[in-house]
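The values are calculated or read from the model by the stated rules, or taken from the named source; none is laboratory data. This one's a predicted model, so the numbers in the text were calculated from it and none came from an experiment. So basically every Cβ, Gly included, is an ideal-geometry build from the backbone, and we count neighbours across all protein chains shown. In case anyone asks, the SASA skips ligands and DNA or RNA and just uses the protein heavy atoms, side chains included. Shrake-Rupley method; radii C 1.70, N 1.55, O 1.52, S 1.80 Å.
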Amino acid sequence: MFTLRICRIGSHKTVNFAVVELARYLKKIDSRLPIDRTLRQGYDEDNSLYLYVGLSDKVAYNKHKDEIFIDVNNGVGIITAANERGVLIAVYRFLRELGCRFIRPGEDGDIIPKRRLTAADLTVSVHETPSVKDRIICIEGCPIYEHVQNVIDWIPKNGMNGYYIQYNNPIFYPERWYTHTYDEHSVPEPYSSEDSAGYKAMLDEELAKRSLVYYAVGHGWTHFPFGIETVVKSEDDPRLTEEYKSYLAEINGVRGFYQGAHFKTQLCYSNPKVREIITDAAVKYAKEHPEVDLLRFALGDGFNNYCECESCRKMRPADHLMIILNELDEKLTREGLDVRVSFPIYVDLIWPPEKVKLKNPARFYQNLSPSSRTYSKPLYELDRDPDSIELPPYVQNKLTIPSDTETLIAFYKKWQEWTGCECIIYDYHLFWDHFLDVGYTEISKLIHKDATGLSRLNFVGYTSCQPQSCSFPTGLPMYVMAHGFWNKDSVFEDVTKEYYEAAFGERAEEVEGYLTELSRLFNRAFIRNDVTPCHKAVTDRMEAAIRLIDETEAAHLWNVGDEADSFKYLYYHGEYMKRYAKLVLLAAKPDTEAFEAAKKELMEYHFANQAELHTVLDGFSWARVYNTMLSKLFANEPENNPDFL
Ligand SMILES: [Zn+2]
């Protein structure tokens, strides 16, 4: 009888977790497989009894590059990597070679083949290094603990390697879950900053268990160092001291909150006291959080709202940022802290500095955050040479942020010339644009192209700003993103085939065809107002979509066994889309009452089914996008446009 003898190398918590996961999933494949475990402090290549798991001299140690090495024959050999996180990634890779698939975050995304395992089955050979160094997902949407934990757990299963928790205290995100912003049938429930501090502390433990790359903070430096962590709801709030008010940006002669939002408001960055408070807070944070790999340093999350005082006006916001970063670097160096810091090329800060140089570029990553970019085409397929573009002039607080990728890349290259820093990108494919591609087939193609093209613009890392529950109708976009980061030569069609087969078994092709057709019918260029189609085209398409969903439901496509959860989500998605199609139909006709009634019906369906869908669909993010987009559709009543089809 074959006994699998796993030998853990050393006692690191992540290697320990990797061994626990290996045994757990092997048992899911074959519950009768005898698995023994033992422990050694090093790898002995001559020992032919064990499957070793841990660091070894087979791969040189490298904290940043997740090179993996798997050499297992008949259940004997080694699963190792360049660092502990890599060992965990390698274990999941071993399981994937045995046929396991992790198609969406959450336990129902684990597709595990059930079969008897022989020694010969446990034969795997892989030696790879991922194409992209930092492969990160960022907190967004309205996630409670369960949703973030699902994502953190999913990340190494598909070869990604890090997580980004925004803000010092990320109360914004879970609080939205309890506020029920768009759900008129629910009343707000209490949620405190202590709740979210505890939530973050527990997520930190999950990141540490897996040794994931940890990005932290970002926005927030403009208010939390001044004692303002949670939303300011009234001008009488005692935290709004006269001193703090004197630090706020002066716009049109007044210092106050921009659009009433503390997190959007800029400060008077030419004021040395402001810079001292911010940089002291960043140093304190770095000292207290040695687990953080990358400290993100952003200013207020607004634009066209920089201080107009005489002193601030002398320089661009980017020059003020350089001064702050130089002061921060000096303080970190003085304290002996080697944490890397990133700064955003984002809205007004797209315009590069023209006066102040970064003194220690090795400390920093410059981070392109192209929030205004079009998702109609990949970032790397440029129609014009960025070097030939004359950049629009900087005019304080009167900027139009460009959306064409060529101009954004031209700005990015100017920054690169100015700073000489390493570059990462923070992108938004799955923030809102994915909701406009209802079958998820078009956005998946785009995200795979962007994920595999990163090195063409010298990006060494990517952060996906996205709701955590983001697999409705499928987890294909996240799946192809992860696999594109791992291997820039991966072929989209191959990864897609692998996904659909895991999710839908022998109906894979049928489902792919159905979702591709839905994406085509709900042309996302129309939904996002890039084109104004003629009424007849909209009517034809939406009627065809409803027919397609009805026919597919009638053919019992979704009544399948092992892949039940994937089909269940497909069923709910069809019901959503029928209601949505009806709404789009009405948007093409000037009948406000019927439109509002259909919109209400869609929203009611959405919130009535949240209990079933919350791990795959972020209720807040979906409702926010659909409210915004649908209002725009209706406001721009489509006129005859024969080009639409
Ligand atoms: Zn100022």
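For the condition under 20 Å from residue 366 (Cβ atoms) and touching a residue at least 12 places away in the same chain (Cβ under 8 Å), what is the one hit in 432, 418?
On the way: 432 fails: under 20 Å from residue 366 (Cβ atoms).
It is 418.
Kindly provide the set of residues from the stretch 453-498 that are closer than 28 Å to residue 412 by Cα, open to solvent by 10 Å² or more (accessible area, probe 1.4 Å), assigned to a helix (DSSP H, G or I) and modelled with pLDDT of 95 or more, ordered by number.
483, 486, 492
Any idea which of (1) assigned to a helix (DSSP H, G or I); (2) within 16 Å of the ligand (Cβ to nearest atom); (3) open to solvent by less than 10 Å² (accessible area, probe 1.4 Å) is the one residue 323 doesn't satisfy?
Of (1) assigned to a helix (DSSP H, G or I); (2) within 16 Å of the ligand (Cβ to nearest atom); (3) open to solvent by less than 10 Å² (accessible area, probe 1.4 Å), only one is false for residue 323: (3).
If I filter the stretch 451-465 for residues that are out of contact with any helix residue (DSSP H, G or I) (no Cβ under 8 Å at 6 or more places or on another chain) and farther than 22 Å from residue 382 by Cα, do I get at least one hit?
yes
Please indicate, with yes or no, whether at least one residue in the stretch 410-424 is touching a Cys at 6+ places or on another chain (Cβ under 9 Å), in a helix (DSSP H, G or I) and open to solvent by 10 Å² or more (accessible area, probe 1.4 Å). Steps first, please.
Our first condition is that a residue be touching a Cys at 6+ places or on another chain (Cβ under 9 Å); within the stretch 410-424, this holds for 412, 415-416.
Checking which are in a helix (DSSP H, G or I) leaves us with 412, 415-416.
With the extra rule that they be open to solvent by 10 Å² or more (accessible area, probe 1.4 Å), the set shrinks to 416.
Taking every residue of the stretch 410-424 in turn, at least one turns out to be touching a Cys at 6+ places or on another chain (Cβ under 9 Å), in a helix (DSSP H, G or I) and open to solvent by 10 Å² or more (accessible area, probe 1.4 Å).
Among the residues of the stretch 326-356, which ones are in contact (Cβ under 8 Å) with a residue 40 or more places away in the chain, assigned to a loop (DSSP other than H, G, I, E, B) and closer than 22 Å to residue 402 by Cβ?
If we filter the stretch 326-356 for residues that are in contact (Cβ under 8 Å) with a residue 40 or more places away in the chain, which is where we start, we get 327-328, 331-332, 335, 337, 339-353, 355-356.
If we keep only those that are assigned to a loop (DSSP other than H, G, I, E, B) too, we end up with 335, 337, 339, 346, 351-353, 355-356.
Passing the criteria: 346, 351, 352, 353.
How about the stretch 1-17: which of its residues are part of a loop (DSSP other than H, G, I, E, B) and farther than 16 Å from residue 119 by Cβ?
Taking the stretch 1-17 as the starting set, the residues that turn out to be part of a loop (DSSP other than H, G, I, E, B) are 1-3, 10-12.
Once the filter is applied, which keeps residues that are part of a loop (DSSP other than H, G, I, E, B) and farther than 16 Å from residue 119 by Cβ, the stretch 1-17 yields 10, 11, 12.
Of the residues that sit in the stretch 286-308 and are buried (at least 18 other Cβ atoms within 10 Å of the Cβ) and under 18 Å from residue 169 (Cβ atoms), which one is nearest to the ligand (Cβ to nearest atom)?
300
Restricting to the stretch 374-407, what's the tally of residues that are surrounded by fewer than 22 Cβ atoms within 10 Å (Cβ to Cβ), within 19 Å of residue 459 (Cα to Cα) and of a type in the set (A, V, I, L, M, F, W, C)?
Total satisfying the criteria: 1.
If you scan the stretch 357-373, which residues turn out to be part of a loop (DSSP other than H, G, I, E, B) and surrounded by 14 or more Cβ atoms within 10 Å (Cβ to Cβ)? Outline the logic, then answer.
Taking the stretch 357-373 and keeping what is part of a loop (DSSP other than H, G, I, E, B), we get 357-360, 369-373.
Passing the criteria: 358, 360, 369, 370, 371, 372, 373.
With respect to the numbered conditions (1) touching a residue at least 60 places away in the same chain (Cβ under 8 Å); (2) touching a His at 6+ places or on another chain (Cβ under 9 Å); (3) on the phi > 0 side of the Ramachandran plot, which one is the sole condition not fulfilled by residue 167?
With (1) touching a residue at least 60 places away in the same chain (Cβ under 8 Å); (2) touching a His at 6+ places or on another chain (Cβ under 9 Å); (3) on the phi > 0 side of the Ramachandran plot applied to residue 167, the lone miss is (1).
List every residue pair whose Cβ atoms sit under 7 Å apart, with the two residues 6 or more apart in sequence or on different chains, where the first one lies in the stretch 601-627 and is in contact (Cβ under 8 Å) with a residue 12 or more places away in the chain and within 19 Å of residue 567 (Cβ to Cβ) and the second, anywhere, is open to solvent by 10 Å² or more (accessible area, probe 1.4 Å) and among the small types (Gly, Ala, Ser).
615/106
Any residue that is within 16 Å of the ligand (Cβ to nearest atom) and buried (at least 18 other Cβ atoms within 10 Å of the Cβ) - is there at least one of those in the stretch 337-348?
Residues of the stretch 337-348 within 16 Å of the ligand (Cβ to nearest atom): 348.
When the remaining residues are screened for being buried (at least 18 other Cβ atoms within 10 Å of the Cβ), the result is 348.
Looking for residues that are within 16 Å of the ligand (Cβ to nearest atom) and buried (at least 18 other Cβ atoms within 10 Å of the Cβ), one finds at least one in the stretch 337-348, hence yes.
Looking only at residues in the stretch 311-320 that are within 22 Å of residue 401 (Cβ to Cβ) and not hydrophobic (A, V, I, L, M, F, W, C), which one is most open to solvent (accessible area, probe 1.4 Å)?
Result: 313.
So, residue 132, is that one in a loop (DSSP other than H, G, I, E, B), within 30 Å of residue 477 (Cβ to Cβ), open to solvent by less than 60 Å² (accessible area, probe 1.4 Å) and in contact with a strand residue (DSSP E or B) (Cβ under 7 Å, 6 or more places away or on another chain) or not? So that I can check it myself, show each step before the final result.
Numbers: in a loop (DSSP other than H, G, I, E, B): yes; within 30 Å of residue 477 (Cβ to Cβ): yes; open to solvent by less than 60 Å² (accessible area, probe 1.4 Å): yes; in contact with a strand residue (DSSP E or B) (Cβ under 7 Å, 6 or more places away or on another chain): yes.
Spelling it out, residue 132 is indeed in a loop (DSSP other than H, G, I, E, B), within 30 Å of residue 477 (Cβ to Cβ), open to solvent by less than 60 Å² (accessible area, probe 1.4 Å) and in contact with a strand residue (DSSP E or B) (Cβ under 7 Å, 6 or more places away or on another chain).
Give the residues of the stretch 63-113 that are open to solvent by 10 Å² or more (accessible area, probe 1.4 Å), over 24 Å from residue 502 (Cβ atoms) and among the aliphatic types (A, V, I, L, M), sorted by residue number.
Across the stretch 63-113, the qualifying residue is only 76.
Answer yes or no as to whether residue 165 is buried (at least 21 other Cβ atoms within 10 Å of the Cβ) and in contact with a strand residue (DSSP E or B) (Cβ under 9 Å, 6 or more places away or on another chain). Full working, then the answer.
Details: buried (at least 21 other Cβ atoms within 10 Å of the Cβ): yes; in contact with a strand residue (DSSP E or B) (Cβ under 9 Å, 6 or more places away or on another chain): yes.
So residue 165 passes the test.
Restricting to the stretch 525-561, what's the tally of residues that are modelled with pLDDT under 90 and more than 30 Å from residue 403 (Cβ to Cβ)?
Qualifying residue count, the stretch 525-561: 9.
Say whether the condition of being in a loop (DSSP other than H, G, I, E, B), open to solvent by 30 Å² or more (accessible area, probe 1.4 Å) and either in contact with a Phe, Trp or Tyr (Cβ under 7 Å, 6 or more places away or on another chain) or within 16 Å of the ligand (Cβ to nearest atom) (or both) is met by at least one residue in the stretch 260-280. Talk me through it step by step, then tell me what you get.
Residues of the stretch 260-280 that are in a loop (DSSP other than H, G, I, E, B), as a first pass: 260, 262-266, 268-271.
Within this subset, residues satisfying the condition of being open to solvent by 30 Å² or more (accessible area, probe 1.4 Å) are 260, 263-264, 271.
With the extra rule that they be either in contact with a Phe, Trp or Tyr (Cβ under 7 Å, 6 or more places away or on another chain) or within 16 Å of the ligand (Cβ to nearest atom) (or both), the set shrinks to 264, 271.
Within the stretch 260-280, one or more residues are in a loop (DSSP other than H, G, I, E, B), open to solvent by 30 Å² or more (accessible area, probe 1.4 Å) and either in contact with a Phe, Trp or Tyr (Cβ under 7 Å, 6 or more places away or on another chain) or within 16 Å of the ligand (Cβ to nearest atom) (or both).
Does any residue in the stretch 379-404 that is closer than 29 Å to residue 453 by Cα come within less than 6 Å, Cβ to Cβ, of a residue that is of a type in the set (Ser, Thr, Tyr) and open to solvent by less than 80 Å² (accessible area, probe 1.4 Å) six or more places away or on a different chain, and which pairs are these?
379/405; 389/407; 401/372; 403/372; 403/374
Look through the stretch 240-253, keep the residues that are more than 21 Å from residue 316 (Cα to Cα) and open to solvent by less than 60 Å² (accessible area, probe 1.4 Å), and return whichever of them is nearest to the ligand (Cβ to nearest atom).
Within the stretch 240-253, the match that is nearest to the ligand (Cβ to nearest atom) is 244.
Got a sec? Which of 196, 246 is over 33 Å from the mean Cα position of the chain (by Cα), within 22 Å of residue 281 (Cα to Cα) and modelled with pLDDT of 95 or more?
246
Taking residue 11, is it more than 19 Å from residue 210 (Cβ to Cβ) and among the polar types (S, T, N, Q)?
Values: more than 19 Å from residue 210 (Cβ to Cβ): no; among the polar types (S, T, N, Q): yes.
For residue 11, the condition - more than 19 Å from residue 210 (Cβ to Cβ) and among the polar types (S, T, N, Q) - is not met.
Can you pull out every residue in the stretch 565-603 that is open to solvent by less than 10 Å² (accessible area, probe 1.4 Å) and of a type in the set (A, V, I, L, M)? Talk me through it step by step, then tell me what you get.
Residues of the stretch 565-603 that are open to solvent by less than 10 Å² (accessible area, probe 1.4 Å), as a first pass: 566-567, 569-570, 573-574, 576-577, 580-581, 583-584, 587-588, 595, 598, 602.
Across the stretch 565-603, the qualifying residues are 570, 577, 581, 583, 584, 587, 588, 598, 602.
For the stretch 17-44, enumerate the residues that are open to solvent by 60 Å² or more (accessible area, probe 1.4 Å) and within 24 Å of residue 58 (Cα to Cα).
Within the stretch 17-44, 36, 37, 39, 40, 41, 44 meet the criteria.
When the stretch 286-312 is examined, which residues are found to be in a strand (DSSP E or B) and not aromatic (Phe, Trp, Tyr)?
If the condition is that a residue be in a strand (DSSP E or B) and not aromatic (Phe, Trp, Tyr), then 294, 295, 296 are the ones that fit.
Do the conditions hold for residue 283, that is, is it more than 16 Å from the ligand (Cβ to nearest atom), open to solvent by less than 30 Å² (accessible area, probe 1.4 Å) and in a helix (DSSP H, G or I)?
Details: more than 16 Å from the ligand (Cβ to nearest atom): yes; open to solvent by less than 30 Å² (accessible area, probe 1.4 Å): yes; in a helix (DSSP H, G or I): yes.
So residue 283 fits the description; yes.
Being touching a Lys or Arg at 6+ places or on another chain (Cβ under 8 Å), touching a residue at least 24 places away in the same chain (Cβ under 8 Å) and among the hydrophobic types (A, V, I, L, M, F, W, C) is true for just one of 274, 292, 232. Which residue is that?
Answer to the check: 232.
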